[in-house]
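Throughout, read-outs are computed from the coordinates displayed, never taken from laboratory work. None of these values were measured; they are calculated from a predicted model. FYI the Cβ positions are ideal-geometry reconstructions off the backbone, even for glycines, and counts take in every protein chain you see.
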Ligand code: AMP
């Protein structure tokens with residue numbers, strides 16, 4: 001089969017992550033990050049053939065310039081001839097997108113309409129799409145949505161108990177995120193454990209800076225912990241996850257917080273950072289807890305307790321459990337958090353195997369419990385590969 005390389009772009013408001021993936025071999029040929037775009041000292045860092053390099057940009061250079069430099073780089077490294085598509089990560093697809101889509105003017109309009117649901121993310125994703133369309137006008141561009149995998153949820157799972165008109169008129173409902181990751185790791189776990197996809201009960205925990213848990217029945221998302229925004233659900237690095245909505249009123253009425261201040265408090269000052277008053281980084285929290293820092297230990301305990309409680313709740317829509325998957329920076333590396341969470345879930349018949357738990361770190365996958373049914377398993381996520389693969393499939397359909 002000829003090489004089918006896909007350029008994967010993940011555009012944030014001031015950053016652009018990129019990779020070129022060979023969708024036949026699965027190899028990552030180039031990867032990098034353009035950061036501080038639009039600021040005083042933007043730069044591009046990239047890795048090619050194991051070598052790390054830096055390209056300095058001029059002050060205030062933004063996405064357009066970063067993509068122009070990326071095009072030059074791709075040509076210079078002779079990676080352009082096998083490119084068959086550009087795959088874009090798009091955060092919010094609303095109810096419009098249940099799967100990845102070839103980018104057309106209609107698709108751009110639908111993504112633009114959804115921007116009110118993800119005002120920080122979708123406009124940045126659109127910037128990347130626009131810049132890539134002019135730079136790679138000969139290539140099909142494909143949008144891969146974080147929300148799409150969760151469009152299989154039923155109203156019972158996705159509706160809030162709010163006046164129905166808020167859903168009908170304004171789209172206020174639960175959408176869920178990290179869908180590309182949950183889809184990838186659940187399919188991998190089903191393969192590794194030789195489960196029957198059409199009769200499987202899997203829970204995946206994507207634990208990184210953002211954290212979410214998804215219940216996946218017969219290969220489809222039936223419930224997930226994030227909601228209309230990625231703030232709902234679990235304790236995260238700097239996000240609070242679920243809180244009593246009455247706190248919002250207390251903060252405004254009694255403590256004179258503005259809506260903007262509350263948004264910052266819940267998104268940027270809470271979670272592991274808020275409880276520990278030390279760091280949002282799980283490694284620092286673990287090391288400090290081990291050194292006797294009491295609030296770091298408390299942050300870890302709350303993180304694990306809330307996570308275990310959410311996992312146990314998702315046994316309800318599944319009606320049982322075949323496998324619990326850990327992924328993301330924390331899920332793939334923290335034996336400490338995995339052991340604590342599995343200990344909370346012993347009533348489900350899960351018991352950690354210390355050797356296996358230590359072995360499955362730093363990119364290694366594997367079952368980490370003494371039992372295999374049900375089991376807990378570590379599966380490193382690979383969102384770039386999923387995006388590249390979807391983009392390659394859709395590009396082939398166009399031929
Ligand atoms: P991600 O957003 O998936 O890159 O994950 C970032 C999170 O993973 C941060 O909280 C890191 O501290 C955490 N992480 C990465 N490596 C480790 C490790 N060895 N032990 C504990 N947490 C880790």
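Given points 7 Å out from each Cα along the Cα-Cβ axis, report the residue 102 to residue 161 separation in nanometres with one decimal.
4.6 nm
Points 7 angstrom from Cα along the Cβ direction at residue 355 and residue 301: gap in nanometres?
3.2 nm
Roughly how tilted is helix 179-192, in degrees to the nearest 10 and between 0 and 90, from the longest Cα axis of the chain?
70 degrees
Once both labels are modelled 7 Å past Cα along the beta-carbon direction, what's the residue 41-residue 170 spacing in nm?
4.2 nm
Kindly express, to the nearest 10 degrees and within the range 0 to 90, the angle between helix 294-313's C-alpha long axis and the longest C-alpha principal axis of the chain.
90 degrees
Distance between Cα centroids, segment 79-129 to segment 332-396: provide it in whole Å.
So the separation of the two Cα centres works out to 29 Å.
Note the per residue figure in Å³ for the convex hull of the C-alpha positions in segment 192-259.
Taking the convex hull of the Cα positions in segment 192-259, it is 95 Å³ per residue.
Nearest 500 deg cm²/dmol is fine: what mean residue ellipticity at 222 nm does the chain get from its DSSP H runs of n ≥ 4 alone, each adding -39,500 (n - 2.57), divided by its residue count?
One gets -11500 deg cm²/dmol as the mean residue ellipticity at 222 nm.
Using the Kirkwood radius built from alpha carbon pairs, what does the Stokes-Einstein equation give as D for the chain at 10 °C and 1.306 mPa s, in µm² per second?
Stokes-Einstein gives a translational diffusion coefficient of 72 µm²/s.
Counting pairs of alpha carbon atoms under 8 Å apart in space and at least six apart in sequence, what relative contact order in percent does segment 258-399 give?
So the answer I get is 17 percent.
What shape does segment 201-343 take by its C-alpha gyration tensor, where a ≥ b ≥ c are the square roots of the eigenvalues and a/c under 1.5 counts as rounded, a/b above b/c as prolate, and the rest as oblate?
Oblate is the answer for segment 201-343, as a/c is 1.5 or above yet b/c matches or exceeds a/b.
At 0.36 nm per residue, and after removing the present C-alpha to C-alpha distance, how many nm does the segment from residue 262 to residue 48 gain when stretched out fully?
72.8 nm
Going by Cα centres, segment 218-244 and segment 1-77 are how many Å apart?
A separation of 30 Å, based on Cα centres.
How far, in nm, would the chain grow between residue 75 and residue 316 when pulled straight, counting 0.36 nm per residue and subtracting the alpha carbon separation?
81.6 nm
In the Gaussian network model of the chain, springs joining C-alpha atoms below 10 Å, which of 318, 298, 40 carries the largest mean-square fluctuation?
The residue that fluctuates most here is 40.
Report, for the chain, the % of DSSP beta bridges that are antiparallel, rounded to 5.
So the antiparallel bridges amount to about 70 percent of the total.
Mind checking the alpha-carbon convex hull of segment 59-99 and giving the volume per residue in Å³?
103 Å³
Anyone know which of 272, 324, 70 comes out most mobile in the 10 Å Cα GNM of the chain?
70
Given a Förster distance of 56 Å, report the FRET efficiency between residue 284 and residue 397 from their Cβ-Cβ distance, rounded to the nearest 0.05.
Once the sixth-power term is evaluated, E becomes 0.75.
Once fully extended, how much extra length lies between residue 130 and residue 253, figured as 0.36 nm per residue of separation less the alpha-carbon to alpha-carbon distance?
Contour length minus the Cα-Cα distance gives 40.0 nm.
If the elastic network links every pair of Cα atoms under 10 Å, which of 249, 82, 209 fluctuates the most in the Gaussian network model of the chain?
249
So for the chain, averaging the separation of alpha carbon pairs under 8 Å that are six or more residues apart and normalising by length, what relative contact order in percent results?
With pairs under 8 Å counted, the relative contact order is 14 percent.
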